[in-house]
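See structure below.
Every read-out reported here was derived from the displayed coordinates using simple, explicitly stated rules and does not represent laboratory data. Bear in mind that the values here come from a model prediction, so they are computed numbers and not experimental data. Positions of Cβ are generated from backbone atoms using ideal geometry, with glycine treated the same way; all protein chains shown enter the neighbour counts.
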Amino acid sequence: MELDSFVLSAIVLLTAAALAVTLFKHLGLGSILGLLVAGIIVGPYSPGPGATSHVEDVRHFTELGVVLLLFMIGLEMQPRRLWALRREVFGLGTVQILLCGVAIAGYISFYQSSWQAALLIGLTLALSSTALVMQLLHERGDLATRHGTTAFAVLLMQDLAVVPLLALVPLFSDLGMTSDATPWWKQVLLVISMIGMVLVMGRYVLPFVLERLVRQNNRDAFALVVLLSVFLAAGAMHQAGLSMALGAFLMGMLLSSSRFSFQIQAHIEPFKGLLMNLFFVAVGMSIDLAAIAAQPWLLAQHVVVILSIKLVVLFLIALVFGLPRGIATRLAFLLAQSGEFGFVLFGSAKLLGVIDAATFVIAVSVISVSMLLTPLLVRLGDALVRRIEHHPAHPVSFDEGVTGIPAQGRVIIAGYGRVGHTIATLLEVNQIPFIAFDTNPVHVERGERDGRAVYYGDIGDLELLTAAQVENAALVILTIDHGQTALRTVSHLRNLCPHVPVIVRARDLEACGSLIRAGATRAYPEAIESSLRLGAEALEMLGVPMGDVDELLRGVRSQGYAPVVE
């Protein structure tokens, strides 16, 4: 593609996406639906201005956003939390795939003479969209709710089902196994070796490399190495025939217990957000309006019947697994759509002759339309739940994230040097929960030896503050001695969470004034405070009553230290 046409395509795509997201968010329909509609408008199948005709290439590239999304989820999902979801992953997830797959296959058999094709289509359409559901949960703040964690567990099992579904395609093909097909024992060995490689890289190699880069203060290389590790893990799983997103999730989970997890999240979030937005646009571009117009009633029938089957089956098996009716309803409406993996699997099935071109077009259209309807279905599910029960969904105990410390009400300390360590000790003695951040690896190691939640991270990074859920903090204490970083942090905090009080350490009165103007609640000049404390000790030793000394200190502070400054 020439430069001019590329720039023009980018302008068309971004303009449509920006306008659609603004409009749909204003109407309360969410950004995802806006992105899907924007994709339809600029897609090659609409009469409007087309951004590109290479839709499949765009979708393949933007699937990296799904990879980064699963990596970010892995960063918040320590192994113990995953183990706590084992019943939902291997029980509910497996039953959902099998029952929905068989039920949909039974319906498809009325339109397919081959039972192999019907079964493959049924199992594929039984899968849901990890990208769409997780992004919806993230936007709505529902990741920590019961229905959110259960939906994630089912989606994880669906990602694990990629391998057997891929294996079914050549088995069901009239062309038979290709001559260069890999024997099953070699495939198993490849899967084990690739998983082992990811485990070694995530557990030992990557933390060692990141530690060296942190000591060199090489932030750019830090971000690039993290991105490289994510894509290496994704590529390794893809090479083994597994889902790329599964590899990224595994890498994220391995790094979730490292001291770099918050800074990693801060680096990855902008890339993930951009690629995920483009992914939904690419899905919208895949909707073939001509194919829909050719058989509108048949397509509508397929979409309605398949969505109904998944809604009913998901709701019933959720009840069987002991979920309340409200949670079961939310889960069913969240996972009723078909997923992006169907684009890949149906393409492979078409290539090997399992399905014909007409079936491929209608199947892909069903997936695209079901994804388009999902934001509306979720809103419908919410309305039904409000009629079923009169209280909102309560978060489960997974809101502690990677720290093991609840985000609500904790103190955030910026800097774990001499002052930060002292403050942390005082908080710990009084049993006040806190987490701390520092860019000095020596200080982070000291915090780890102390058994405290001290993480590597630049507190002046807006994405880091978001990852640390600073809006839920009871107090933020800045002990850092870098004036510009402190000012930038205070500015971010006032924009993100104006209700959270901020106490700042400053070098002198001039720095105090700048920090107060930026929005700090309190700012204390270190040199003058040290002098005051020394003078107070002297007065007490000379016999001045402690009450009088304390009153004197309060008076000096209330006057902005004017009595002791020239």
Quick one: if the Förster radius is 41 Å, what FRET efficiency do THR422 and ARG87 give, using the C-beta to C-beta distance and rounding to 0.05? 0.35
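Using a Förster distance of 56 Å, how high is the FRET efficiency between TRP297 and ASN218, based on the Cβ-Cβ distance and rounded to 0.05?
0.40
With an 8 Å Cα cut-off and a minimum separation of 6 or more residues, compute the relative contact order for region 54-388 in percent.
30
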What is the sum of charges, Lys and Arg at +1 and Asp and Glu at -1, for the other residues whose Cβ falls under 11 Å from the Cβ of ALA282? -3
Give me the extension gain from LEU8 to HIS499: residue separation times 0.36 nm, minus the current Cα-Cα distance, reported in nm with one decimal. 172.4 nm
At 0.36 nm per residue, minus the direct Cα-Cα distance, what do ASN472 and TYR204 gain on full extension? Give it in nm, one decimal, please. 93.2 nm
Within region 252-286, name every residue whose backbone N is under 17 Å away from a label modeled 7 Å from Cα of ALA357 along the Cβ vector. none
With θ set to phi - 60°, apply the Karplus curve 6.51 cos²θ - 1.76 cosθ + 1.60 along region 425-432 and write out the HN-Hα couplings as whole Hz, x wherever there is a Gly or Pro. 5, 5, 5, 5, 4, 8, 6, 9
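Just rank MET276, MET251, fewest to most, by other beta-carbon atoms within 10 angstrom.
By the 10 Å Cβ count, ascending, the order reads MET276, MET251.
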When PHE437, PHE231 are ranked with the fewest other C-beta atoms within 10 Å first, the list becomes PHE231, PHE437
Using a cut-off of 28 Å between alpha-carbon atoms, which lysines can reach LYS186, once sequence neighbours fewer than 8 places away in the same chain are excluded? LYS350
Would you work out the relative contact order for region 276-390, in percent, from Cα pairs under 8 angstrom that are 6 or more residues apart? 35
If you rank HIS26, HIS421, HIS499, HIS238 by fewest surrounding Cβ atoms within 10 Å, what's the result? HIS499, HIS26, HIS238, HIS421
Test item: Cα-centred dipole of region 54-388, Lys/Arg +1 and Asp/Glu -1 on Cβ, debye: 1160
So if each residue of separation counts as 0.36 nm, and I subtract the Cα-Cα distance between LEU376 and ARG554, what length gain in nm does that give? 58.3 nm
